[in-house]
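Structure, as C-alpha cells:
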Amino acid sequence: MMKLEAIIQPSRFESVKDALREVGIEGMTVTEVRGHGRQKGHTEVYRGREYTVDLLPKLKLEMVLPDKLVNTVVDTILKTAKTGKIGDGKIFLSRVEEAIRIRNEERGENAL
Amino acid sequence: MKHALWKCSLLVAMVLIAVPLPAQQTPPSASQTSVTNERLAQLDQRVTAAQSSADNAWMLVSAALVLMMTGPGLALFYGGLVRRKNTLAIMMQSFMLMAVITGMWALVGYSLCFGGSGPVIGGFEHAFLRGVGAEPNADYAGTIPQMTFMVYQLMFAIITPALITGATAERMKFSGTVLFLILWFLVVYAPLAHMVWGKGGLLNAALGGKFPTLDFAGGTVVHISSGVSALVCALYLGKRTGFPKQPMPPHSLVLSFIGACLLWVGWFGFNAGSALASSPLATSAFVATHFAAAAAALSWSAAEWIKNGRASALGAISGAVAGLVAITPAAGFVAPMPALVIGVVAGAFCYWMVTRIKAIFGYDDALDAFGVHGAGGTIGALLTGVFATRLINPIFGPGKAVGGSDGHWGQVGNQFVGVLIAWGFALVGTLVLLKVVDLITGLRVTEDQEIEGLDITQHGEEAYNLEP
C-alpha cells in the first residue's frame, strides 16, 4: 500500500477528481491548504498599504492506494493537474504499514 | 419663489370669487364680504397645510435616510474594513450609539443644541423635549412640526460620534468607547452644533452669528469635529499591536462596499434634507451631493491608477465617501459644476492624506476617520467659502454676495475661522475627555484581548460561525 499526497491548483481539482473516478478511485480526503514553492505570491494594496501575500491557496489530496493502482493514479494526476506553469504542485508517495477499517476491523488492502 | 407662488394662487382664487359679482350688477353686501374673507382664510390655511405636509413627508424620509447611514451604512463600511475578529465590536459601537444618543437627545441633547440663543451652547428650554410638538419652530424650520426637526437633527448626533470609532477600531474597550462618546456628544458635539446651527450661535450664518460660517449639512459640526477628534484618539490610544509590521487587511470589502453605497444614498437625506423643506434648494443640494461623490470616486481611482497601476474597489468607495464629506458644508450653497470641482479635489486630497501623510507621521488611524472626515471636512468647508453663490442660496439677504465666486472673498476668511474653532474645540475637548475616561474605565483593551479580538473579549460572540 502506498500513501499518495498531491498538492494541486484548486482550479484543476474538478478535472482531477473526475479522471480519478474513471480509473476506479473511490475515496479521497481533500484539504484546503496554503503554501508556496517556487511560485511567488502577489501584492495587495489597501489604501496605500502594501501587503505581500506569499502563501497561496492550494488543495491537498490524500489517498492510500493498493500497489497495483499507484502508477495509474500518478499518471492520471500528472495529466489532469498540469497547466505547465509554476505553481502546479507536487505529488508525494510513501509506504503505508497498515490500514484498518473501523466499521468491521478489516485489515490491509481489503480495508481500502 | 415659494412666496410668489402662494400669492399667485390667492390672486387666482380672488378673481374666481370676484368674477360672478359684476354679472349681478349689485355691490357686495356686508355678509358677502365676510363670506369671501372666510373663504380666503380657509384657502390660506389649506395652502399652509399642503406645504407643511409636503415638507414633513420629505423630512421624515430624510431622517430615516440619515439613520440608515449609521446602521447599516457606517456599521457595514467599518465592519468590512476591520479584521474578522473585530467585526461585531465595531458594528456594535455604531448600533449602541443609535440607542444611547437617542436617550441623551431626548433628555438634554436637543435642548443643548437648539434650545436658547447663547453664543456657545443652547439651554435647557427644551430639556425632556418640553415644548417640542406639532407646532413648527419658526427659527429653524417654519413649515414642519418641531418634532420632525428634532428627530431629524437627532440622526446627525448619532452618526457623528460613530464616525470616530473608525480611528479607535480594533483596540478600544467597549465600556470606554460608550462612556467617551456620550461625554463627547455633550461636550464637543452639542456646543459645536449650537454654534453653527443654533440661534445666536457664534458661527451661525443665518441667525446672527459673529463669524457667519457656511455649513449647510455639517462639514464643521459633523466631519471636522469627528475627524479631528479621531486623530486625537488615534494618537492617545497608540498603535494597534503589530502595526505597521503585521498585515491587517480588511476582512470583507464586500461589506464595506455595501456600506459605502448605503452611505451614498443616505447622504441625500443628510444634505438635501438639510434644506429642511421639500424645496428647490433641496434639489440643488441633492444634485451637488451626487455630483461630488461621483467626481471624488473618479479622482481617488485616478490617483490610485497613476500610483499603483490599478484602480481598487476600496479606493473607489473611499473616494466617494471623501467627496460626500467635502460637499456636506457646500451642498446647499454651490452649483453643480463647482460641486464636481469640490469632489475632484476632495478625492485626490484624501487619497494623499491616507497614503502619504499617514505614512509619514505614522499614526494609526485604523480606518482613516481623520484622513477622510477630518481632511475632507476641512477642505470642503474652505471650498464652500470659495464656491458659495447667492444664485443657489441668498443666505445673507436678497442680492447680497455669499461666497468668493460672488466676489465676497471675506467668506473664505469666515470659513477659516469656523474651521479653526471646530478644530480647536475638537482637539481640546477630546483630549480632556480621553484623560477623564482613561481614569474611570480605561481606554485600551489588554494586549492579550487585542490579539484574541474584541468580538470575543468584549461581547462574548463571534461574527462568523461558519462550521456546520
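The values are calculated or read from the model by the stated rules, or taken from the named source; none is laboratory data. This structure is a prediction, so every number in the text was calculated from the model and none was measured. Please note: Cβ atoms are built from the backbone with ideal geometry, for glycine as well, and neighbour counts cover all protein chains shown.
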One residue is enough: does segment B:294-301 have a residue meeting the conditions under 24 Å from B:THR378 (Cβ atoms), crowded, with 24+ Cβ neighbours inside 10 Å and among the aromatic types (Phe, Trp, Tyr)?
yes
Regarding segment A:88-95, can at least one residue be identified that is surrounded by 15 or more Cβ atoms within 10 Å (Cβ to Cβ) and either in contact with a Phe, Trp or Tyr (Cβ under 7 Å, 6 or more places away or on another chain) or modelled with pLDDT under 95 (or both)?
yes
What is the one condition in (1) assigned to a loop (DSSP other than H, G, I, E, B); (2) surrounded by fewer than 22 Cβ atoms within 10 Å (Cβ to Cβ); (3) more than 14 Å from chain A (Cβ to nearest Cβ) that B:HIS251 does not satisfy?
(3)
Residue list for segment A:1-20, filter: in a helix (DSSP H, G or I) and among the polar types (S, T, N, Q):
A:SER11, A:SER15
Based on this model, can you work out whether A:GLU22 counts as in contact with a helix residue (DSSP H, G or I) (Cβ under 9 Å, 6 or more places away or on another chain), more than 30 Å from B:THR355 (Cα to Cα) and within 14 Å of another protein chain (Cβ to nearest Cβ)?
no
Single unsatisfied condition, B:TYR236 versus (1) of a type outside the set (Lys, Arg); (2) under 14 Å from B:LEU420 (Cβ atoms); (3) in a helix (DSSP H, G or I):
(2)
Which count do you get for residues in segment A:41-66 that are surrounded by 13 or more Cβ atoms within 10 Å (Cβ to Cβ) and away from chain B (no Cβ under 14 Å)?
10
If I filter segment B:335-347 for residues that are within 14 Å of chain A (Cβ to nearest Cβ), surrounded by 24 or more Cβ atoms within 10 Å (Cβ to Cβ) and either touching a helix residue (DSSP H, G or I) at 6+ places or on another chain (Cβ under 9 Å) or assigned to a helix (DSSP H, G or I) (or both), do I get at least one hit?
yes
I'd like the full set of residues that are farther than 20 Å from A:LEU69 by Cβ and out of contact with any strand residue (DSSP E or B) (no Cβ under 8 Å at 6 or more places or on another chain), limited to segment A:83-112.
A:THR83, A:GLY84, A:LYS85, A:ILE86, A:ILE102, A:ARG103, A:ASN104, A:GLU105
Does B:LEU281 fit the bill of being closer than 20 Å to A:ARG47 by Cα and assigned to a helix (DSSP H, G or I)?
no
Does B:SER226 satisfy the criteria of being closer than 16 Å to B:SER94 by Cβ, crowded, with 21+ Cβ neighbours inside 10 Å, within 14 Å of chain A (Cβ to nearest Cβ) and not aromatic (Phe, Trp, Tyr)?
no
Any idea which of (1) surrounded by 20 or more Cβ atoms within 10 Å (Cβ to Cβ); (2) among the aliphatic types (A, V, I, L, M); (3) within 14 Å of another protein chain (Cβ to nearest Cβ) is the one B:ILE360 doesn't satisfy?
(1)
Hey, B:VAL188 within 19 Å of B:ALA381 (Cβ to Cβ) and of a type outside the set (Lys, Arg) or not
yes
Which of the following residues is farther than 30 Å from B:ALA316 by Cβ, in contact (Cβ under 8 Å) with a residue 60 or more places away in the chain and in contact with a Pro (Cβ under 8 Å, 6 or more places away or on another chain): B:ASN414, B:ASN393?
B:ASN414
Hey, can you tell me all the residues within segment B:153-181 that are farther than 20 Å from B:GLY460 by Cα and either modelled with pLDDT under 95 or small (Gly, Ala, Ser) (or both)?
B:ALA157, B:ALA162, B:GLY166, B:ALA167
Name the one entry in B:THR168, B:THR160 that is in contact with a Cys (Cβ under 7 Å, 6 or more places away or on another chain), under 26 Å from B:GLY323 (Cα atoms), surrounded by 24 or more Cβ atoms within 10 Å (Cβ to Cβ) and not hydrophobic (A, V, I, L, M, F, W, C).
B:THR168
Of (1) within 13 Å of chain A (Cβ to nearest Cβ); (2) under 22 Å from the mean Cα position of the chain (by Cα); (3) farther than 18 Å from B:LEU74 by Cα, B:SER278 satisfies every one except (1)
Take the residues in segment B:306-320 that are under 13 Å from A:TYR46 (Cα atoms) and of a type outside the set (Gly, Ala, Ser); name whichever of them is farthest from the other protein chains (Cβ to nearest Cβ).
B:ILE317
Could you check how many residues of segment B:328-350 are over 17 Å from the mean Cα position of the chain (by Cα) and closer than 22 Å to B:LEU76 by Cβ?
2
Taking the options B:THR389, B:THR328, B:THR384, name whichever one is among the polar types (S, T, N, Q), within 18 Å of B:LEU163 (Cα to Cα) and more than 12 Å from chain A (Cβ to nearest Cβ).
B:THR328
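Yes/no matrix, rows are residues, columns are (1) touching a residue at least 12 places away in the same chain (Cβ under 8 Å); (2) in contact with a His (Cβ under 6 Å, 6 or more places away or on another chain); (3) closer than 30 Å to B:TRP305 by Cα; (4) part of a loop (DSSP other than H, G, I, E, B):
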position: A:GLY27; (1), (2), (3), (4): yes, no, no, yes
position: A:GLU32; (1), (2), (3), (4): yes, no, no, no
position: A:GLU50; (1), (2), (3), (4): no, no, yes, no
position: A:LYS68; (1), (2), (3), (4): no, no, no, no
position: A:VAL74; (1), (2), (3), (4): yes, no, no, no
position: A:GLY84; (1), (2), (3), (4): no, no, no, yes
position: A:LEU93; (1), (2), (3), (4): yes, no, no, no
Of everything in segment B:169-197, what is in contact with an Asp or Glu (Cβ under 9 Å, 6 or more places away or on another chain) and assigned to a loop (DSSP other than H, G, I, E, B)? Give them in sequence order.
B:GLU170, B:ARG171
Checking the conditions here, which among B:LEU367, B:LEU420, B:LEU431 is buried (at least 18 other Cβ atoms within 10 Å of the Cβ) and at pLDDT 95 or above?
B:LEU367
